[in-house]
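The values are calculated or read from the model by the stated rules, or taken from the named source; none is laboratory data. In this text the structure is predicted, and so the values were computed from the model without any measurement. Cβ coordinates were reconstructed from backbone atoms using ideal geometry, including for glycine residues, and neighbour counts include every protein chain displayed.
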Amino acid sequence: MLRERLTQVAPLVAVDTGQHYDHALHQIHYEQLGVRRPDAFLGVGSGSHGQQTAAILRACEDWIARHTPRLAVVIGDTNSTLACTLAAAAARVPVAHVEAGLRATDRRMAEEINRRVVDAVADVLYAPCERVAALLRGERPEAVVEQVGDISYDVLRGNLGRVPVPEAVSGYDPAWGSRFAFVTLHRPELVEVPERLRAVMGALKTAGVACLFAAHPRTAAALERFGIVTNGRIRRIPPVGYLESLALLQRAGVVVTDSGGLQREAYWLGVPCVTVRDETEWLETVTLGANRLIAPDRAAALPDAIATALGAGRADASWDRGAYGDGRAADRIAASLAAWAGA
């Protein structure tokens, strides 16, 4: 919808920086979500925060110089978001930031650095909820700030009808039914600190429930590097696609994660969530009762948190699901950009 609406203003060109993997390895996301192939693939590859950001900045500057876009739309808090914003701003191209205004107190996190810088530079800021919009209006009174909702909800609603049964996902045991925890962990501040990772994995082993652990490549490498064995109650599988992730999420009794995306998806689908972090940018999931925070340094509390979530189950999932809009964020963003661009 965003593409169709914006092409009424000007041609819409999609640029994939290649930040996470080469194009062939992440082709599954294009196929599953029905997203058209990018018009440009920069292929920057992996690297440290500084190395990767610099590579994307250089490649994006070159692309902008060749194509002279009227507007740049960036999403989220990745290194690509930061680098493309800086490249556009340097070329005097207006920037619109989708998923703007999220904040954590840990300013050392790469994601926190990225989003704070982007929000300080962007001309148009699209917030997922009113709390965040109010914060942005205080920080950037001169910018255009609009509360539009969360585009991730648009994606979820649009793909629920295509989700496979969990039995089709390699690693899921039908004998579990819903009595299992779907686990993902990927943040460097957790998985690259051996004491924290050992403590969390040890707690999961004693949780009294099967844990299906979709291990991010960074996490899998850390487990090998630190000699941490995942066996017994923890069944480790490779990362799964978006639709497979939703299939497991819908069936799970509880989600254990440090992912902002899974926190919201669990919230929308009525699945109790335990987030292994000191804080979350998605505060509404906690205040509404859908999510509980367990700090990595308090990993010993994980088994009780998981047991409590399983005991409550779906019957207690009566929280309001509308904190981040109604699933029509893309429509609002497209209409806003069309109006802002003078259509």
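Quick notes on this one:
- The one condition in (1) at pLDDT 80 or above; (2) among the hydrophobic types (A, V, I, L, M, F, W, C); (3) more than 30 Å from Gly138 (Cβ to Cβ) that Ile28 fails to fulfil: (1)
- Residues of the stretch 324-341 that are within 15 Å of Val124 (Cβ to Cβ) and either in contact (Cβ under 8 Å) with a residue 40 or more places away in the chain or among the basic types (Lys, Arg) (or both): Ala329, Ala330, Arg332, Ile333, Ala334, Ala335, Ser336, Leu337, Ala338, Trp340, Ala341.
- Verdict on Leu197 being under 30 Å from Arg108 (Cα atoms) and hydrophobic (A, V, I, L, M, F, W, C): yes
- Candidates in the stretch 277-326 are the residues that are polar (S, T, N, Q) and not in a loop (DSSP other than H, G, I, E, B); of these, the one that is surrounded by the fewest Cβ atoms within 10 Å (Cβ to Cβ) is Thr287.
- The stretch 219-241, residues that are touching a Gly at 6+ places or on another chain (Cβ under 9 Å) and either part of a helix (DSSP H, G or I) or basic (Lys, Arg) (or both): Arg233, Arg235, Arg236
- Residues satisfying the stated conditions in the stretch 179-213, i.e. surrounded by 15 or more Cβ atoms within 10 Å (Cβ to Cβ), closer than 24 Å to Gly47 by Cβ and free of Cβ contacts under 8 Å to residues at least 40 places away in the same chain: Val191, Glu192, Leu197
- Taken over the stretch 263-276, residues that are buried (at least 21 other Cβ atoms within 10 Å of the Cβ) and either assigned by TED's automatic domain parsing to the domain that holds Asp77 or in contact with a Lys or Arg (Cβ under 6 Å, 6 or more places away or on another chain) (or both) amount to 2.
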